[in-house]
Amino acid sequence: MADVNAFITEETIEGADDGPLAGTTVAVKDNISTAGVETTCGSRMLEGYVPPYDATVVTRLADAGATIVGKANMDEFGMGTTTETSHFGPTRNPVDPDRVPGGSSGGSAAAVAAGEADVALGTDTGGSVRCPAAFCGVVGIKPTYGLVSRYGLIAYANSLEQVGPIAGTVEEAAALLDVIAGPDPHDATTREAGADANYAAAADGDVEGMTVGVVPELFEGAHEGVVETVEAALSDLEAQGAETVEVSLPSVEHAVQAYYVIATSEASSNLARFDGVRYGHSAGHDGNWNETFAETRSEGFGEEVKRRILLGTYALSAGYHEKYYAKAQDARAWVRSDFDDAFADVDVIASPTMPVLPFELGEGIDDPMTMYLADANTTPVNLANLPAISVPAGTAEGLPVGLQLIGPKFGEETIVRAASAVEE
Amino acid sequence: MSTRTATEERAVVIGLEVHVQLETDTKIFCGCSTEPAPDEEPNTRTCPVCLGLPGALPVLNEGAVEAAVKIGKALEADIPERTTFHRKNYYYPDLPKNFQITQYDAPICADGELEVAVEDSRRTIGITRAHLEEDPGSLQHAGGSIDTADHTLVDYNRAGTPLVEIVTEPDFRSPAETRAFLAKLEEVLEYLGVFDATRDGSLRVDANVSLVPGEAVADDGSVPEDALAEANRTEVKNISSHKGAEKALAYEVTRQRNALRRGRAVDQETRHWDESRGITVSMRSKEAEKDYRYFREADLPPLEVSDWRESIPIPELPDARRERFRAEYGLDAESADKLTSRKAVADFYEDVADRFDPDLAATWVADNLLGELNYRDMAITDVADRLEEFARLIELVDAGELTTKNAEEVVLRGMLDDGDDPDTIVEREGLGTADTGEVEAAVADAIDDNPEAVADYHDGDEGAINFLVGQVMQRTGGSADPGEVNALLRERLDE
């Protein structure tokens, strides 16, 4: 297979001699800090930046015996749905090299789909693990907020994101989650809940008696082939003993708007530290520091990153804070309570992961609104801090289609179980 | 009304923002020490968290929160059910993340007060709030000041040191009141054990100063908000001590008064206190309000502190201790003041007052010891490990084994100047109190050798007795008690 440009840096980091992941190769998204190995976030801003410390998930991979084979390509700072905003060039979809692998963890999903790594770590702020998993025909899990440590993950939108596994099978993805999950004294938002779960063991395909909620709002406007493929997968679950019921989530139509206000607001603050003083790209240190900061940032950041920083700065500004940021927080609370209500009646909630088939390279990069709307089904999950998995449901027009299964907080075992039944 | 009378009647309104470095072992969001190592290199007492490296996350040091709760209790402030952190976003090279983690709408303390003595009156200063935040790094402007430096270096060793920012109501009516308040605040913070006044930069003060028409001041001394809003105020930064506050604000008040007197307006602006020149200088005009784009810091979950007020004890505070010392040891106001202004002094006094005569202990600690220390530019903390030696000195005097004069002039000074312990000095100098036989012999000699003074005494010249006492003291090498000598002389002369 031709090179799909899955990695920004190919470098081997050996783990412990034995452990549950001994002999397993892992691609690590390039926004996860690796001591001594360049970590760029797909940005010119961090070209040449070598972290002096390991992210907690990297330490856990090493302790589990995994071998890291490289730092995977990504949309710059995780801001994108196609892995085309990377400073290091786009990654191609191994299923169809003329198409994008999805994003922002496109390098991670492509590495697994192309067989360049057994499994991979991605990060998911608004769908960035699930989208490329769906587009590349592999499995991706976005864990409950607080299940996996973010220490060492270079923040895009810190109230929304989690590190998540990508693998060829549900069981492999779950086994990787077993390794990285659990509380971390370096991340005050991690929780004890789920620490003693066994996710890999939950991949038993037993959906007998499980109630699957189907949300009509999340099928609206989706590509016909996507809808048909997902519905066929749901019928298959019913045939295995699951019950499907319709549940309504009226708030989700506001999710994309709320997500982009919150994510860009947080990004405007999280990315403020890139000023060229301590690390990364610098436009020099002469003259007025205010001007030098501006020059550094205009040289170091790409278009999409600048667009989101500006949007977020605007949304947080005096006079607009109430109108945008505060309203988005209200919408977030509404989405959360909608899901709470739904989970009173169902065990998991199902939808297409992406309402579209993989874009062709270059197709949508100049049309941010189309790109943002493609996140309609994944962003509600991040707003509600919930776990979700994308599992291959089949193909449409020869391209992979992902089924998304959303669980209640710390309900990873349930979504793994349901997803493993989809695979069979 | 002429302009002249209007300006002369202007009243001073000052509010303070006091930044206090907390005495915790580690920084507020990481495990780095807060204590500068001797001769430490810049940027060595740092880690990914306090350097703001990509991916690093803050973890709250609960010791800093405990210290803030103690301050809240001492200021009689409300402690909320839960407290949260926000980001204050602004770009500045000393700020590793280009935002500061601070508190916004749920500060750890709100609505407190502190009573201070200003000359002869008591004033209660309202405390609007006190909140926790991280200290930025420090900038070194190489080869000059902020205006003239060739380049600027950044040192992040200080970054992440826990700060409490205490914001007062605009309750001060004179620069002297701010000084009294800050001195009292330092006293309280020191009692709480959360503050080290000797650390450079441990107390930093910003002051908002405005002059309002005298008639705007209400009978109770308060100033209505609309009068405050109308008057342009300046924010004076870079004040680092209570003495500095009084000087800086006296300068600033005079500057504003003069401007108004000359018919000019006071610009709403930030001014920098230049301690070496003793003036305030304009830094930048203050835009309407800076936009810090505050929002919740999602990396730090809300902290439930509803039962912290109950579970965290604070020691007896200076005011209460002062009153207790007066009642318990019968001290006058001045001695009680001196003995309670620093916790280490009060602790030492209490120790010796319980063992020996409290009056004698008060004189020795408040006057002799503090006086001699002060003369040498020293504080009680400089002799913290020798307090038992000073207690021994007081014991010797209390037991009558050493005269007050020798104890003070020879032993105490020797202890401070040469570092010897009191018994060593007494023995070396032969200062044991003269025994009765020795004193009686000296009295008899003095009478025999000075017939003229004796005659003067009998003629009613009271001055003569002092001369004779001096003679006896000389003969005993100062080891006799002058009072006893006086009594003994009269006894013999009147026989």
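The values are calculated or read from the model by the stated rules, or taken from the named source; none is laboratory data. Only a predicted model underlies this, so the values are computations on that prediction, with no experimental measurement involved. Neighbour counts are summed over all protein chains in view; Cβ atoms, including those assigned to glycine, are modelled from backbone coordinates with ideal geometry.
Are there strands (runs of 3 or more DSSP E) fully within the stretch B:125-239 with at least 3 residues that are at pLDDT 95 or above and farther than 29 Å from B:PRO58 by Cβ? List them. Steps first, answer last, please.
Details: elements: B:138-142, B:151-155, B:162-168, B:203-212, B:234-239.
Here the list reads B:203-212.
Results for (1) assigned by TED's automatic domain parsing to the domain that holds B:ASN368; (2) of a type in the set (A, V, I, L, M, F, W, C); (3) modelled with pLDDT under 85; (4) more than 44 Å from the chain's Cα centre (by Cα), shown as yes or no for each residue.
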{"site": "B:ASP423", "(1), (2), (3), (4)": "yes, no, no, no"}
{"site": "B:ASP448", "(1), (2), (3), (4)": "no, no, no, yes"}
{"site": "B:TYR457", "(1), (2), (3), (4)": "no, no, no, yes"}
{"site": "B:ILE465", "(1), (2), (3), (4)": "no, yes, no, yes"}
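Within the stretch A:323-344, count every residue that is touching a helix residue (DSSP H, G or I) at 6+ places or on another chain (Cβ under 8 Å), of a type in the set (Lys, Arg) and more than 16 Å from A:ASN382 (Cβ to Cβ).
1
Could you grab me the full set of residues in the stretch B:429-446 that are of a type in the set (A, V, I, L, M, F, W, C) and under 48 Å from the mean Cα position of the chain (by Cα)? Quick ask: steps written out before the conclusion?
First, the residues of the stretch B:429-446 that are of a type in the set (A, V, I, L, M, F, W, C): B:431, B:434, B:439, B:441-444, B:446.
Across the stretch B:429-446, the qualifying residues are B:LEU431, B:ALA434, B:VAL439.
Of the conditions (1) touching a helix residue (DSSP H, G or I) at 6+ places or on another chain (Cβ under 8 Å); (2) modelled with pLDDT of 95 or more; (3) crowded, with 24+ Cβ neighbours inside 10 Å, A:ASP118 satisfies every one except a single condition; which number is it?
Unmet condition: (3).
So B:ASP359 fits all but one of (1) under 20 Å from the mean Cα position of the chain (by Cα); (2) surrounded by 13 or more Cβ atoms within 10 Å (Cβ to Cβ); what number is the exception?
Looking at each condition in turn, B:ASP359 falls short on (1).
Which of the residues spanning the stretch B:28-70 are within 13 Å of chain A (Cβ to nearest Cβ), under 30 Å from B:GLY112 (Cβ atoms) and part of a loop (DSSP other than H, G, I, E, B)?
Within the stretch B:28-70, B:ILE28, B:PHE29, B:CYS30, B:CYS50, B:PRO58, B:VAL59, B:LEU60, B:ASN61 meet the criteria.
Of the conditions (1) over 23 Å from B:LEU139 (Cα atoms); (2) free of Cβ contacts under 8 Å to residues at least 60 places away in the same chain, B:GLU169 clears all except one; give me its number.
Only one criterion in (1) over 23 Å from B:LEU139 (Cα atoms); (2) free of Cβ contacts under 8 Å to residues at least 60 places away in the same chain is unmet by B:GLU169, namely (2).
Taking the stretch A:126-157 as the search range and keeping residues that are on the phi < 0 side of the Ramachandran plot, away from every other protein chain (no Cβ under 12 Å) and of a type outside the set (A, V, I, L, M, F, W, C), which one is surrounded by the fewest Cβ atoms within 10 Å (Cβ to Cβ)? Reasoning before the result, please.
Residues of the stretch A:126-157 that are on the phi < 0 side of the Ramachandran plot, as a first pass: A:126, A:128-136, A:138-145, A:147-151, A:153-157.
From what is left, the residues that are away from every other protein chain (no Cβ under 12 Å) are A:126, A:128-136, A:138-144, A:147-148.
Subset that is of a type outside the set (A, V, I, L, M, F, W, C): A:126, A:128, A:130, A:132, A:140, A:142-144.
Working: A:GLY126: 29, A:SER128: 36, A:ARG130: 33, A:PRO132: 41, A:GLY140: 33, A:LYS142: 34, A:PRO143: 27, A:THR144: 23.
Per the criteria, the residue is A:THR144.
I'd like the full set of residues that are surrounded by 21 or more Cβ atoms within 10 Å (Cβ to Cβ) and touching a Phe, Trp or Tyr at 6+ places or on another chain (Cβ under 9 Å), limited to the stretch A:190-210.
A:THR190, A:GLY194, listed by residue number.
Condition test on A:VAL100, is it away from chain B (no Cβ under 14 Å), closer than 20 Å to A:GLY23 by Cα and of a type in the set (Val, Ile, Thr)? Steps first, please.
Values: away from chain B (no Cβ under 14 Å): yes; closer than 20 Å to A:GLY23 by Cα: no; of a type in the set (Val, Ile, Thr): yes.
So A:VAL100 fails the test.
State all residues of the stretch B:81-122 that are buried (at least 17 other Cβ atoms within 10 Å of the Cβ), of a type outside the set (Ser, Thr, Tyr) and away from chain A (no Cβ under 12 Å); if no residue qualifies, say none.
Across the stretch B:81-122, the qualifying residues are B:GLN103, B:ALA106, B:PRO107, B:ILE108, B:CYS109, B:ALA110, B:GLY112, B:LEU114, B:VAL116, B:VAL118.
Could you please tell me which pairs satisfy a Cβ distance under 9 Å, a separation of 6+ or placement on different chains, a first residue in the stretch A:302-322 that is away from chain B (no Cβ under 13 Å) and free of Cβ contacts under 8 Å to residues at least 12 places away in the same chain, and a second residue that is assigned to a helix (DSSP H, G or I) and buried (at least 18 other Cβ atoms within 10 Å of the Cβ)?
Short answer, once both residue conditions are applied: A:LYS306/A:ARG297.
Would you check if A:ASP275 is within 30 Å of B:THR44 (Cα to Cα), within 11 Å of another protein chain (Cβ to nearest Cβ) and buried (at least 21 other Cβ atoms within 10 Å of the Cβ)? So that I can check it myself, show each step before the final result.
Numbers: within 30 Å of B:THR44 (Cα to Cα): yes; within 11 Å of another protein chain (Cβ to nearest Cβ): yes; buried (at least 21 other Cβ atoms within 10 Å of the Cβ): yes.
In short, yes.
Tell me, which residue of the stretch A:341-364 that is in a helix (DSSP H, G or I) and touching a residue at least 40 places away in the same chain (Cβ under 8 Å) is surrounded by the most Cβ atoms within 10 Å (Cβ to Cβ)?
Going residue by residue through the stretch A:341-364, those that are in a helix (DSSP H, G or I) are A:341-343.
Filter once more, so that each one left must be touching a residue at least 40 places away in the same chain (Cβ under 8 Å): A:342-343.
Working: A:ALA342: 18, A:PHE343: 20.
Ranking the qualifying residues of the stretch A:341-364, first place goes to A:PHE343.
Which one of these is within 30 Å of B:THR46 (Cβ to Cβ), of a type outside the set (D, E, K, R) and assigned to a loop (DSSP other than H, G, I, E, B): A:GLY241, A:GLY312, A:GLY287?
Values: A:GLY241 fails: within 30 Å of B:THR46 (Cβ to Cβ); A:GLY312 fails: assigned to a loop (DSSP other than H, G, I, E, B).
One residue alone meets the criteria, A:GLY287.
Could you please let me know if A:VAL207 is closer than 26 Å to A:ALA232 by Cβ and either within 11 Å of chain B (Cβ to nearest Cβ) or part of a loop (DSSP other than H, G, I, E, B) (or both)? Give the derivation first.
Details: closer than 26 Å to A:ALA232 by Cβ: yes; either within 11 Å of chain B (Cβ to nearest Cβ) or part of a loop (DSSP other than H, G, I, E, B) (or both): yes.
For A:VAL207, the condition - closer than 26 Å to A:ALA232 by Cβ and either within 11 Å of chain B (Cβ to nearest Cβ) or part of a loop (DSSP other than H, G, I, E, B) (or both) - is met.
Do you know which residues across the stretch A:158-171 are in a loop (DSSP other than H, G, I, E, B) and either farther than 14 Å from A:LEU386 by Cα or more than 14 Å from chain B (Cβ to nearest Cβ) (or both)? Quick ask: steps written out before the conclusion?
Narrowing the stretch A:158-171 to residues in a loop (DSSP other than H, G, I, E, B): A:158-161, A:168-169.
Hits for the stretch A:158-171 are A:ASN158, A:GLY168, A:THR169.
All but one of (1) away from chain B (no Cβ under 14 Å); (2) assigned to a helix (DSSP H, G or I); (3) out of contact with any helix residue (DSSP H, G or I) (no Cβ under 9 Å at 6 or more places or on another chain) hold for A:PHE410; which doesn't?
Of everything listed in (1) away from chain B (no Cβ under 14 Å); (2) assigned to a helix (DSSP H, G or I); (3) out of contact with any helix residue (DSSP H, G or I) (no Cβ under 9 Å at 6 or more places or on another chain), A:PHE410 misses just condition (2).
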